[in-house]
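**Student:** Have a look at this one.
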There are 2 protein chains.
Amino acid sequence: LTGLAPVLAQEPLPSWNDTQAKARIIKFVQETVAEGGEGYVAPDDRIAVFDNDGTLWSEQPYYIQLGFVLDRVKALAPLHPEWKAKEPFKSVLDGDLKEVAKSGEKGLVELVMATHGGMTTDQFGAIVSQWFETATHPKTGKPYTSMTYVPMRELLDYLRANGFTTYIVSGGGVEFMRPIAEKLYGIPPQQVVGSTIQTEYAIVGDVPVLRRLPKIDFIDDGPGKPAGINKFIGRRPIFVAGNSDGDYEMARWTTAAKGPGFAMIVHHTDEGREYSYDRQSPFGKLDKALDEAKRRNWLLVDMKNDWKKIFSFEN
Amino acid sequence: LTGLAPVLAQEPLPSWNDTQAKARIIKFVQETVAEGGEGYVAPDDRIAVFDNDGTLWSEQPYYIQLGFVLDRVKALAPLHPEWKAKEPFKSVLDGDLKEVAKSGEKGLVELVMATHGGMTTDQFGAIVSQWFETATHPKTGKPYTSMTYVPMRELLDYLRANGFTTYIVSGGGVEFMRPIAEKLYGIPPQQVVGSTIQTEYAIVGDVPVLRRLPKIDFIDDGPGKPAGINKFIGRRPIFVAGNSDGDYEMARWTTAAKGPGFAMIVHHTDEGREYSYDRQSPFGKLDKALDEAKRRNWLLVDMKNDWKKIFSFEN
Ligand SMILES: [Ca+2]
Ligand SMILES: [Ca+2]
C-alpha cells in the first residue's frame, strides 16, 4: 500500500545515503532485536512514535491541514455571506495569507472551528478523504499525498519489519490524519495520536452519530505530546522522530526510559529539493531542540546530505 | 498468561452452557471469518469492545476501583490529619460506607482526586500494581484479580483466536486498569480506553515526568463511550459487551454500523455464585438497556443459566 517493495527482500533504507545517520539507525535496530544482547527490547515494547508535519511529509509553505482549512473556508463561503466582512475569513477569501497570519492563534482557532466542527465524525472523514483526492501542494503542484518523504516511509517499514509498532504523534487533528495515514504510511487509525476536538453523541432519526463540536479537547503538541502518548498508548516509546521544538518534550520523554531509547530530529537543509529552515520558521520552528539534539546526542538528520531521494516524484 | 489452555485446541467457550447465548456468539464469529459470506468482516475491522466492571469482573458490593480509593484514603490518612473531621474522608476512615454514599458524586470525585492525583504516572502505576498484589474482595476474600469471569476471558480468547482485536472501554480510570489488563485479560495498555485525568509534563532534576493533576479530563461512560471509542480507536467496533445503562450508547453505536454488528449485555442473575441485580442497583444499574436489549435483539446473557462456571476459584 505504501508503494514500497517488500523491505526484507532488499537493503534497508535504500533512499538514505551511506552516512552516519543511516548507520546509527541500523545499529540501534539491530541491537534492539538481538536476543541476549544489552540493547534487546521485547517486541511489545518496541514502540516508535513519529511526528507528522515536517517529519513524515512537508509542512511548507504552510501546514497541509492549513491548506485544508483555507480550501474549506472558500467552499463554505456561500453559506456564510458575513465572512466577506469578517476577519480572518475575509483575508482567507481574498487569498491574503499575511493578513490571515496577523489574526494570530485566536484567528487560526476560529478558522479551524468553523471548518472542523458542526458536522458528524463520518461526514468530516468523508470531507477530508474527498479533499485529499484533488488538493495539490502550492509549490510543487503535486497532490499533497505525494508530499511524503520516501526515506521516512522506508524507515517506518524497516522498523515494522523488525517488530516495532509505529505511531503518529502529531499536533495535527486526529480525524484529519486518520483517513489517509494507513494509505500513506501503513499506520492504522488506532495508531494515530493527535489533537482532538470534543464530540457529542446524538440520535438523528434512529441513528446514533457523533457530532463534532467547535471546542478544542486536547492539543497534542510540545508538553502535550508525552501526555498524549501516555493517554493513548500507555507505554513509553523507545524510538522517536520529530523535526521541531514541538517534539522536544516527546524526545526527552522517550530517551529518559530506563532501557534503550533513540531520538532523531529531521533537519530541513535542502532548499533545492524541499525547503531549508529551522530557528526562524513560523511552521516547524527548530531552535531549542536543535541545540539539545547536539547536547544529548540525538541523531540530527541532514536532509540534504543524508537523503538520496526525498519525494517519490523526483527523477 | 490468562491461565487458559490454548483455545484452538479445544471447543470454544467451555465454561458456557450449551444454550442460545453460546450458539449466537459462535454463529456470529463463524460468519465474521467466513470469506465470501455475507457476514464476512476483514481482520482489521474486527474490533471488539468490552466494558470492564460487571462485564469482565465483579462490581459488587462496590466497584473495585472504589475499593482502591477506600484503601488509599486509609493509607494516606496519617499525612492528612484534617481528614478526621472532613467528609467524605471522615466516613471512609470510620468505615461507614452509607455516609460516604451520602456525599454523592461530588464527594466521590473528591475522594478520587485525593487518591489518584498528585503523583507521577510511574508512581501511580506502581501504587496500583502493589495494591492488587494483596487487596481482597470484601465478600469472597479472594484477591480482586481472581474476581474476573472465566466465561468472559474465554470469550476474549475466542475472539482473538478469530482475528479480533479486543479493547476495554470502561468508565474506570485508564491508569487504574492498564497495569493489570494484560495479565488478567491479555489486553495490552494501548487497548484500554477509559476515563482520564489531566497530566502535566515536568522536569524533576533532569528527568522528565508526567504529573497527575487532580482534574478530570474525560469521563468514558454513557454517551462518553462512543466518543471515547472514536477518539482512541478511530474505528467502529463490530462486537460490544456491556452490562449496564452506561453501555447503552456504545451498544447503539456498535450495532448501527453498516455491516455486521453484535451486542451483548451480561445480566447479573446469580445470587448464589455472584450477585443478582439490575434496575435498582447503585453500581451497574441495568434498566433502559435491559428493555432495549430485548427490543433490539441484543444478546442478553443470563449468568445463572448461560454460564457453567463464573470464577476460577469455584469447585
Ligand atoms: Ca513537526
Ligand atoms: Ca459495567
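**Student:** Find all pairs meeting these conditions: Cβ atoms under 7 angstrom apart; at least six residues apart or on different chains; first residue within segment B:33-44 and part of a loop (DSSP other than H, G, I, E, B); second residue open to solvent by 50 Å² or more (accessible area, probe 1.4 Å).
**Tutor:** Between residues of segment B:33-44 that are part of a loop (DSSP other than H, G, I, E, B) and residues that are open to solvent by 50 Å² or more (accessible area, probe 1.4 Å), the close pairs are B:Ala34/B:Tyr40; B:Gly37/B:Glu31; B:Gly39/B:Glu31.
**Student:** Going by the structure shown, is B:Asn17 more than 16 Å from ligand 1 (Cβ to nearest atom), under 20 Å from B:Asp247 (Cβ atoms) and in contact (Cβ under 8 Å) with a residue 12 or more places away in the chain?
**Tutor:** Considered against the rule, which asks whether it is more than 16 Å from ligand 1 (Cβ to nearest atom), under 20 Å from B:Asp247 (Cβ atoms) and in contact (Cβ under 8 Å) with a residue 12 or more places away in the chain, B:Asn17 comes out as no.
**Student:** Would segment A:65-86 turn up any residue that is away from ligand 2 (no atom under 16 Å from the Cβ), within 15 Å of A:Gly173 (Cβ to Cβ), touching a residue at least 12 places away in the same chain (Cβ under 8 Å) and outside any helix (DSSP H, G or I)?
**Tutor:** Checked segment A:65-86: no residue is away from ligand 2 (no atom under 16 Å from the Cβ), within 15 Å of A:Gly173 (Cβ to Cβ), touching a residue at least 12 places away in the same chain (Cβ under 8 Å) and outside any helix (DSSP H, G or I).
**Student:** Let me ask something additional. Which pairs have Cβ atoms under 9 Å, sit 6 or more apart or on different chains, and link a residue in segment B:20-32 that is under 19 Å from B:Gly163 (Cα atoms) to one that is open to solvent by 80 Å² or more (accessible area, probe 1.4 Å)?
**Tutor:** B:Glu31/B:Glu38
**Student:** Could you check B:Val128 against (1) more than 19 Å from the chain's Cα centre (by Cα); (2) open to solvent by less than 50 Å² (accessible area, probe 1.4 Å) and say which number it fails?
**Tutor:** (1)
**Student:** Name the residue that is nearest to the chain's Cα centre (by Cα), counting only residues in segment A:223-242 that are at the interface with chain B (Cβ under 10 Å from one of its Cβ atoms) and within 16 Å of ligand 1 (Cβ to nearest atom).
**Tutor:** That would be A:Lys225.
**Student:** Let me ask something else. Conditions first: (1) within 16 Å of ligand 1 (Cβ to nearest atom); (2) modelled with pLDDT under 95; (3) within 14 Å of chain B (Cβ to nearest Cβ). A:Leu1 passes all but one, so which condition is the exception?
**Tutor:** Evaluating A:Leu1 over (1) within 16 Å of ligand 1 (Cβ to nearest atom); (2) modelled with pLDDT under 95; (3) within 14 Å of chain B (Cβ to nearest Cβ) leaves (1) as the failure.
**Student:** Of the residues B:Asp245, B:Asp220, which single one is more than 10 Å from every other protein chain (Cβ to nearest Cβ), within 19 Å of B:Pro189 (Cβ to Cβ) and more than 16 Å from ligand 1 (Cβ to nearest atom)?
**Tutor:** B:Asp220 is the lone residue from the list that is more than 10 Å from every other protein chain (Cβ to nearest Cβ), within 19 Å of B:Pro189 (Cβ to Cβ) and more than 16 Å from ligand 1 (Cβ to nearest atom).
**Student:** Among the residues in segment B:52-64, are any part of a helix (DSSP H, G or I), modelled with pLDDT of 95 or more and within 16 Å of ligand 2 (Cβ to nearest atom)?
**Tutor:** Yes, that holds for at least one residue.
**Student:** Determine whether A:Val100 is over 19 Å from the mean Cα position of the chain (by Cα), in a helix (DSSP H, G or I) and more than 29 Å from A:Val301 (Cβ to Cβ).
**Tutor:** Here the answer is yes, as A:Val100 does meet what is asked.
**Student:** Can you tell me which residue among A:Ala256, A:Ala251 is within 16 Å of ligand 1 (Cβ to nearest atom), within 11 Å of chain B (Cβ to nearest Cβ) and under 17 Å from B:Tyr201 (Cβ atoms)?
**Tutor:** Only one candidate qualifies: A:Ala251.
**Student:** In this structure, is B:Lys22 more than 16 Å from ligand 1 (Cβ to nearest atom), open to solvent by 20 Å² or more (accessible area, probe 1.4 Å), assigned by TED's automatic domain parsing to the domain that holds B:Gly171 and of a type outside the set (A, V, I, L, M)?
**Tutor:** yes
**Student:** Can you spot a residue in segment A:67-74 that is open to solvent by less than 10 Å² (accessible area, probe 1.4 Å), within 16 Å of ligand 1 (Cβ to nearest atom) and touching a Pro at 6+ places or on another chain (Cβ under 9 Å)?
**Tutor:** yes
The values are calculated or read from the model by the stated rules, or taken from the named source; none is laboratory data. This is a predicted model, so every value here is computed, not measured. We place every Cβ from the backbone using ideal geometry, glycine too, and count neighbours over all the protein chains shown. Note: areas computed on protein heavy atoms with side chains; ligands, DNA, RNA excluded. Shrake-Rupley method; radii C 1.70, N 1.55, O 1.52, S 1.80 Å.
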